[in-house]
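Working notes, structure below.
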Amino acid sequence: MSDGLIGLWEGRWFWKMPAEAQIKVGPTMVYPLPSAYVAASEKFGDQTQIEKASDGRWRLKNYVAGVPFPIPSDPNKGQKILTNLNYRIQPHLIAGYEDSGAPLTVCNLDKMSNVLCWKLEYNVRQLAYNWEPGVPQTEPTAQGAWLGIWIDVLEPEQYRYATDLLLYWQDNLTTEDNFLFVPALRHSLRLSDASHCSRAFTFADFTHDDTRGGWNGGIADFDATFIKRMKLLGLVQANNDYGKFPDNYLMPLGFAKPSWGDWELRDTWVIDVRPAAALKGRYCYGKRIVYVDTNTYAPLAQDLYNTKMEFNKVMLESLTPADFPGSGKQTWTGGGIGQIWDVITEHAAFGFTADEKGNNWTIDGAVKPQYNNPKEYQDSGAVMHMMR
């Protein structure tokens, strides 16, 4: 287990495992990745490079598609694993709407068992480094971006139409742009780089850098050191039972019930990720210990330390497998749940893609045509369209 999960079982903090908690361990299921993705990794992997500039920042060079470093090795092995994590495999288009999949649900939980949940519609599009057949490696509408994440608040009503657009740039030294539409002001705000550690939508118990499955920092301003390779218990065969909160959760912790599916031993790399000196004064964590799946590069678990190097948060990511056209079942295609337990503030947060009816996100060709529109969702002017 990760150190954080061990701490929950040992009862080291306020957050601890209930006496009836169980983990059922089943066989390890490693699905072969899509042949087109593997081919892109083999074709372009040898040319990808990372180098550290005189200012201490890491530059990515010659990356085209697939896994940037198919066989990460020294020198800079930890940094190469972090790069693979940042550009890990995902569908070209992911959508969660009431009429196309299911909105994302996020729930806060405090030590008094008070719960606040809200729903978010989302539209995630990979604009460059694409590998899927029939999709341009770089879309004509990319305008220098490689990933666009559009999110708007559906519930609660008082926050409705607040919209957040994140654009990540192909030049990895360029900090992502974050545009927030504020309905009361009737216009959008371009957030500063100092918002890395601000709460998402102000009322969430997680920060911008806790999103994207727990890693949203890029690679330019972080130094990653390889620690070890280990087997880690992970839940990557989850069904959609996690879509009903808190009924289908083991309370008061909010942990997985055995009904969610079997856990399994996953092969992982463990890396120590710390902000570069230039970022230390405005970053919320002193270090992250990240447990990275060697097959999909998903961050299955993380141990987060604050700037005083005190243990701060336990993070887990669980995945739901689904069929991917032409490639069979994949662990990265069906959605999942991210869980965060803050052992200092004694708050917890849960973000999950399934809903209480068992629906989950839609990807690629299953996304309804009206949501397959990068000009409407992955453009800096797109957030202003909410007033329509």
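The values are calculated or read from the model by the stated rules, or taken from the named source; none is laboratory data. Bear in mind that the values here come from a model prediction, so they are computed numbers and not experimental data. Glycine gets a Cβ as well: all are built from the backbone with ideal geometry, and neighbour counts include every protein chain shown. With ligands, DNA and RNA removed, areas are computed over all heavy atoms of the protein, side chains included. Shrake-Rupley method; radii C 1.70, N 1.55, O 1.52, S 1.80 Å.
Could you tally the net charge around Thr294, taking each other residue with its Cβ under 9 Å from the Cβ of Thr294, Lys/Arg +1 and Asp/Glu -1?
Values: positive: Arg229, Arg266; negative: Asp267, Asp293.
Its environment carries a net charge of 0.
Which of Leu116, Leu180, Leu304 moves most in a GNM of the chain, Cα contacts under 10 Å?
Of Leu116, Leu180, Leu304, the most mobile in the Gaussian network model is Leu116.
Averaged per residue, what accessible surface does region 47-121 expose to a 1.4 Å probe, in Å²? Provide the component values of the computation, followed by the final result.
On the way: 2920 Å² over 75 residues.
I get 39 Å² per residue for this part.
Would you calculate, for the chain, the mean residue ellipticity at 222 nm contributed by helices, counting each DSSP H stretch of 4 or more residues as -39,500 (n - 2.57) and dividing by all residues, to the nearest 500? Show your work: numbers first, answer last.
Numbers: 4 runs with 32 residues, N = 388.
-2000 deg cm²/dmol, from helical runs alone.
Glu157 to Asp99: FRET efficiency via 1/(1 + (r/R0)^6), r the Cβ-Cβ distance, R0 25 Å, to the nearest 0.05? Provide the component values of the computation, followed by the final result.
On the way: r = 19 Å, r/R0 = 0.76.
Plugging the Cβ-Cβ distance into 1/(1 + (r/R0)^6) gives 0.85.
With a cut-off of 17 Å, note down the residues of region 93-129 whose backbone N falls inside the zone around a label point 7 Å from the Cα of Lys368 toward its beta carbon.
Label zone hits: 94-104, 120-124.
Report the residue, chosen from Ala298, Ala348, Ala277, that carries the largest GNM mean-square fluctuation when the chain is represented by alpha-carbon nodes joined by springs under 10 Å.
Ala277
Using +1 at the Cβ of each Lys and Arg and -1 at the Cβ of each Asp and Glu in region 251-388, identify which of Trp341, Ala276, Gly261 lies farthest towards the dipole's positive end.
The one lying farthest along the dipole's positive direction is Ala276.
Rounded to two decimals, what ratio of Rg to Rh does the chain give with C-alpha atoms and a Kirkwood Rh?
Ratio of gyration radius to Kirkwood radius: 0.93.
With a 1.4 Å probe and all protein chains in place, put Thr141, Thr225, Thr268 in order of accessible area, largest first.
Values: Thr141 40, Thr225 85, Thr268 0 Å².
The residues order as Thr225, Thr141, Thr268, largest area first.
Once amide H atoms are built 1.01 Å from N in the peptide plane, which residues 5 or more positions from Lys287, or in another chain, come under 5 Å H to H?
Tyr305
Ignoring ligands, DNA and RNA, what percent of the 1.4 Å accessible area of the chain is carbon and sulfur?
Details: 8250 of 15980 Å².
Exposed carbon and sulfur together represent 52 percent of the surface.
Tyr63's amide H: which non-local residues (gap 5+, or another chain) put their own amide H closer than 5 Å, with H modeled 1.01 Å from N in plane and none for Pro or chain starts?
Gln49
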